[in-house]
1. Pairs needed: first member in the range 350-375, more than 30 Å from Ser253 (Cα to Cα) and in contact (Cβ under 8 Å) with a residue 12 or more places away in the chain; second member anywhere, assigned to a helix (DSSP H, G or I) and not small (Gly, Ala, Ser); C-beta distance under 9 Å; at least 6 residues apart or different chains.
2. Being surrounded by 15 or more Cβ atoms within 10 Å (Cβ to Cβ), not in a helix (DSSP H, G or I) and not basic (Lys, Arg) narrows it down to one of Leu276, Leu227, so name that one.
3. If you check every pair at least six apart or on different chains, which have Cβ atoms under 7 Å apart with a residue in the range 110-138 that is over 22 Å from Gly260 (Cα atoms) first and a residue that is surrounded by fewer than 24 Cβ atoms within 10 Å (Cβ to Cβ) and at pLDDT below 95 second?
4. Got a number for residues in the range 244-258 being surrounded by 13 or more Cβ atoms within 10 Å (Cβ to Cβ) and under 20 Å from Ala346 (Cβ atoms)?
5. Which pairs turn up if I take residues in the range 22-44 that are closer than 26 Å to Ala160 by Cβ and look for partners that are of a type in the set (D, E, K, R) and in a strand (DSSP E or B) with beta carbon separation below 8 Å, at least 6 apart in sequence or on another chain?
6. Using the structure shown, decide if Tyr265 is of a type in the set (Phe, Trp, Tyr), assigned to a helix (DSSP H, G or I), in contact with a Pro (Cβ under 9 Å, 6 or more places away or on another chain) and at pLDDT 95 or above.
7. So which of Lys208, Lys191, Lys212 is in a loop (DSSP other than H, G, I, E, B) and under 27 Å from Ser60 (Cα atoms)?
8. It is to be established whether one or more residues within the range 60-69 are among the small types (Gly, Ala, Ser) and buried (at least 22 other Cβ atoms within 10 Å of the Cβ).
Amino acid sequence: MTAEQALLTAKKVDAKIAAGKTIGLLEGIPIGIKDNMCTQGIRTTCASRILENFVPPYESTVTQKLKEAGTVMVGKTNLDEFAMGGSTENSAYGGTANPWDLDRVPGGSSGGSAAAVAASECVVALGSDTGGSIRQPAALCGVVGLKPTYGLVSRFGLVAFASSLDQIGPFSRTVEDAAILLGAIAGYDPKDSTSLKVEIPDYTQFLKPDLKGLKVGVIAETFGEGLDAEVESSVKDAIGQLKALGAEIVEVSCPRFRYGVSAYYIIAPSEASANLARYDAVKYGIREEADTLLSMYKKTRAHGFGAEVKRRIAIGTYTLSAGYYDAYYLKAQKVRTLIKQDFEAAFEKVDVLVCPTSPTTAFKAGEKTEDPLSMYLLDLMTIPVNLAGLPGMSIPCGFDGRGLPIGLQLIGKVLREDLLFQVAYAYEQSTDWHVRKPTL
């Protein structure tokens, strides 16, 4: 189905070019769409058995905008089931390989989109980011990945994981391509109650070659124990390069940063527990027949959901239950506020914050599947950004001794994507990491 649509769209663009007509920046551009965004008439599975044959009767806002912009959707990309995971190994349809080393994971949950862009299977792609699901795979696959400010891009048609954290964003090989794609998908949408009514600028106007007058803050808490030595070295070299480009480098402290993982793994599963209650085998999705309604629910959900999704539903249901709500969920929300306050204090001193995107490079497939806690800790640097609703971007900043990519994370104030693009572009143009491609 996607192949037929892609060829049809491409032929229309070819005809326009042949007729001497002007085409838009995204017309004819091959794009991959993470398979948790509804595409009318095309299966949307969220990499789950429970939605194996689900064909949405409507289009998500972002894919509708991209259709109107003339992009060529070459396919839906793989993900961790319902976007829950950091390696794309939790998919009911098999894992995704990292193009830089096929024995290693591409990160997650948007691993399919990151790998597709890294392997040049498409020019750009869309992912969703709830706790790092765009930035972490972007780092592990050596591409650009942006999580916009919460509410900048419509979530209408995005299958919900944790509604107060989810955000759609672009993957690309260059910062300029990310700026163009964000401009196409951003904007107010009355169908999304959390959508922001703001003017969307031409993000490409912020692509400047130097950083004179900008203050860049280095988050002290993101260096030290648990950070791979080669990742630390590459990130520190990148910070040195930002200084050479004219930025003033300032060390800042975000003392509650490290509590982000603990707060997230209460808030996100709680919201997931509520959001995934709709998969009851009544209106859509698979159905396991049974003698009673309750046993039909149980059989369907037991068969339809994978282990990680079940784990998170169980955690979320527990933390929302009577007697535990105040002890866990309410406390996690208070920690979320403290993390947000740390960022606000830091941004009183600097324009942009930097830190590693992921504490390690890509690990081998199967290495962490039996240890979910170590998998969760990989989102240590990215989660606080979602909790605070801020924009964050990962850009390539080097390779380790095994030839695996390393990512630098840039964090901005609310709606200051312009500064992220400026810093990212200046760094990108002064290095050659973005032009390197895996040998496949």
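1. Partner pairs satisfying both residue conditions: Lys368/Met375; Lys368/Leu378; Thr369/Met375.
2. Among Leu276, Leu227, only Leu227 is surrounded by 15 or more Cβ atoms within 10 Å (Cβ to Cβ), not in a helix (DSSP H, G or I) and not basic (Lys, Arg).
3. Matching pairs, first to second residue: Ala119/Leu440.
4. The total comes to 10.
5. Sorted first by the residue in the range 22-44, then by its partner, the pairs are Gly32/Lys76; Ile33/Lys76; Lys34/Lys76; Asp35/Lys76; Thr39/Lys76; Ile42/Lys76; Arg43/Lys76; Thr44/Lys76.
6. Judged against the criteria, Tyr265 is not a match.
7. Lys191
8. Within the range 60-69, one or more residues are among the small types (Gly, Ala, Ser) and buried (at least 22 other Cβ atoms within 10 Å of the Cβ).
The values are calculated or read from the model by the stated rules, or taken from the named source; none is laboratory data. Computed from a predicted structure; not experimentally measured. Positions of Cβ are backbone-derived with ideal geometry, glycine not excepted, and every protein chain shown enters the neighbour counts.
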